[in-house]
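What follows draws every value from the coordinates through simple rules; no lab data is involved. Bear in mind the structure is a predicted one, so any value in this text is a computation, not a measurement.
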Amino acid sequence: MKTTVRIITAVALAMAVVLPARAEWEPTGVPFEGKSGNDIGLWMTVGAEKKINKKWSVGAEFEYRLKDNIEAGKGWGAPSRWSLCVSGEFKALSWLKLDAGYKFMRDYSLREWDEGSNEETTSFWSTKHRVYASVVGSYKVQNVKFSLRERWQFTHRNKVDDVTFDWDSEEFEPKKAKSKHVSRTRLEVSYDRKRTWWEPYVSAELYVDFSGGYEKMRYTAGCDFKVAKGNHIDVFYRFVDIKNDDHFNNRDSHVIGVGYKYSF
């Protein structure tokens, strides 16, 4: 078991170091155009958490996402996002936690067409900055734990130069910087029995854009496996139901997720 844990840890650390440098290749061929059909994604995370004392803990996480249908016939190989996040958590009461964090993201957008302004934007990578703060309350009935998380997040996308072509003026223009505030409400139910090495869970999460209203729902079913002391592997399936369709790239998605976290 110790050898297996060492192998998992080494692979996870290698992902966190190597993938950001190689993540931003541009898919070749014809990009997917339109919003019909569902997307398929693979999300991978590597994280670490350090408990400072009984109340406080800090953590860091690297995430890498692959997306299907970015181009015709390419399948799972196209990247859509990578990010680095640092966070802190405070256990105010036995049933109440507070957390906050910052996330640096590099995000891939597909080519899009704005008929109203007669503008065409090429596919591009952009830099995003996100901050968030959450309140999490939990209640346990025998071995079943209910938790409700309310999160506020603010995301800012930097300006991207020379990616939008205005067919009226026949000139390239920058993609303007954009910011938005979102509230996320998540209800989760898990089977949390002491002295077991696995913990299955299901959750539903509602996204509300402060300026655009009801944005999307996330439905998740997964299981957290404790493979050794302080070593956890999380595997899940997630369906993302898009409600606000004002963004060309947004489509309903089926996601397979795999995550590794080391706590010490």
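Table for the structure above
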{"item": "Set of lysines near residue 50 by C-alpha distance (under 19 Å), chain-local residues within fewer than 8 positions excluded", "result": "91, 97, 103, 226, 229, 261"}
{"item": "Normalised convex hull volume, segment 89-242, alpha-carbon set, Å³ per residue", "result": "139"}
{"item": "Interchain or long-range residues, amide H under 5 Å from residue 40's placed H", "result": "68, 254"}
